[in-house]
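Reviewing the structure listed below.
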Amino acid sequence: MRELVVRVWESKSAAAVAARAVLAPFSWLFRLVVAVRARLYSTGSLHVSSVDTPVVSVGNIVVGGSGKTPLVIWLTSRLADLGLRTVIVTRGYGADTREPVAVYLGGDSGDDGPTEGANRRAADLVGRCGDEAVLMAMRTHRPVVAARRRHAGCVLAEQRYRPDVILLDDGFQHLSLARDVDIVVLRGNEGSAAMLPAGPLRESRRALERADIVAGPLGRVALGLVESSDLASPVEPLSMLEGKRVVAVAGIADPAQFFETLEREGAILHRALGFPDHHAYSDEDWRRIALLGKDADFVVTTEKDIVRLDRFDTSGVRLRAVRIGIDAETVEPVLSEVIERLRDRRDRVGRLDREDLRQHHRKPCRGATSRGV
């Protein structure tokens, strides 16, 4: 289904052009609804909740992947380098998060309440808080709170973990929560795109005026292969795939991009299996994957998928996930802008008075555009 939708959005064929023309009135209606909603929040007609902890939101204006999650993981690591305790708050897609669920997978969290994660497999946690929440918890070894109502998630994060900074994953459209820094990650195709449902835009390009930092497209890099998404999992070189027969498995927004990445690394795609984003793999799905894997050298998937495949017996196949990171040179300017804005309210965040923060350099914004500075 997603492939059909993407073809309608991107193809120049007569059928796709006609489909976009039919959908155009619905896009105009969607644009109006989104604009009115944003206006009601900006004028105070709709209530905006806040928390005491500084909130840094990372979001975008298109559906699908743009590098938000790798950026959140990278920011968590870099802020930790500066001595700041972070908690990530996310939606928890694919799980029932009407009540906030906290997941934590290692280290000293300062936890004073029950947290998912102790002696639990990744796939068990996915059902409670969603695959992206588990992935971020495993990659950062920091607490992650999954909550449909982001304000409730931030309140839980404050009460339980007492962070210096809350990172709000995919929060740009969540206007009911106040943030101190709004980062929008561009994918690169926003300029010619239409609003939903005729195109992938969740908001018009004018919405970027609300952003403090507009970054991207980000330089995402494949770091290597891992057997799990845990931070401690050894990273094997991608060169292992060169000339090898691979069954590629991806349940993400853009499986084709993942398959192309494997081919660029020299893998021979024996089969490429694309599933819907946040797909809940069934026993039948795994039997099919494992059967195909017996005729291949590796079964290779994404880190978001491997946390959902954890519940199966993978002993009969050589299962690996591609670890994706961010090109630091493209995002260091983002960190500099975040630090500058957090420094402005250091009276509320004592740790921002540390010497290393005062000495943190501001690089020229190559790859990031700052608004309102």
- Message: I'd like the full set of residues that are charged (D, E, K, R), out of contact with any Gly (no Cβ under 7 Å at 6 or more places or on another chain) and in contact (Cβ under 8 Å) with a residue 12 or more places away in the chain, limited to segment 309-328.
- Response: D310, R311, R318, R320
- Exactly one condition in (1) β-branched (V, I, T); (2) farther than 26 Å from H278 by Cβ; (3) touching a helix residue (DSSP H, G or I) at 6+ places or on another chain (Cβ under 7 Å) is not met by T76; state its number. (2)
- Item | Sole residue being of a type outside the set (S, T, Y) and in contact (Cβ under 8 Å) with a residue 12 or more places away in the chain, chosen from V22, V63, V36 | V63
- Check V214, V235, V221 and return the single one that is surrounded by fewer than 17 Cβ atoms within 10 Å (Cβ to Cβ), within 19 Å of the chain's Cα centre (by Cα) and touching a residue at least 60 places away in the same chain (Cβ under 8 Å). V221
- Note on the structure: Cβ pairs under 8 Å, 6+ apart or interchain, first in segment 275-289 and without any contact (Cβ under 8 Å) to a residue 24 or more places away in the chain, second outside any loop (DSSP other than H, G, I, E, B) and surrounded by 12 or more Cβ atoms within 10 Å (Cβ to Cβ), ordered by first then second residue, are R288/L273
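So that you can scan it fast, the table gives a plain yes or no per residue for (1) at pLDDT below 95; (2) farther than 23 Å from I339 by Cα:
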residue	(1), (2)
A38	no, yes
Y41	no, yes
S45	no, yes
V51	no, no
S66	yes, no
- Message: Considering only residues that are among the acidic types (D, E) and either outside any helix (DSSP H, G or I) or modelled with pLDDT under 95 (or both), which ones fall in segment 158-184?
- Response: D164, D169, D170, D180, D182
- Message: Just to be sure before I move on: is A232 assigned to a loop (DSSP other than H, G, I, E, B), touching a helix residue (DSSP H, G or I) at 6+ places or on another chain (Cβ under 7 Å) and not basic (K, R) in the structure I sent?
- Response: no
- Quick one: in segment 28-51, which of the residues that are in a loop (DSSP other than H, G, I, E, B) and either in the same structural domain as E332 (by TED's automatic domain parsing) or β-branched (V, I, T) (or both) is surrounded by the most Cβ atoms within 10 Å (Cβ to Cβ)? V51
- Task: Starting from residues that are outside any loop (DSSP other than H, G, I, E, B) and of a type in the set (V, I, T), keep the ones in segment 240-287 and report whichever is nearest to D124 (Cα to Cα).
- Result: V249
- Item | segment 127-157: number of residues that are within 30 Å of P234 (Cα to Cα), at pLDDT 95 or above and surrounded by fewer than 24 Cβ atoms within 10 Å (Cβ to Cβ) | 0
- Would it be correct to say that A198 is over 19 Å from V334 (Cβ atoms), touching a Ser or Thr at 6+ places or on another chain (Cβ under 6 Å) and not in a strand (DSSP E or B)? yes
- For segment 272-307, the count of residues that are within 27 Å of G92 (Cβ to Cβ) and surrounded by fewer than 17 Cβ atoms within 10 Å (Cβ to Cβ) equals 5
- Subset of segment 308-336 (residues that are crowded, with 16+ Cβ neighbours inside 10 Å, modelled with pLDDT of 90 or more and of a type in the set (D, E)): E332
- Report, by residue number, each residue of segment 238-247 that is free of Cβ contacts under 8 Å to residues at least 40 places away in the same chain and of a type outside the set (S, T, N, Q). E242, G243
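The values are calculated or read from the model by the stated rules, or taken from the named source; none is laboratory data. Predicted, not measured: the structure shown is a model, and the values here were computed from it. Cβ coordinates were reconstructed from backbone atoms using ideal geometry, including for glycine residues, and neighbour counts include every protein chain displayed.
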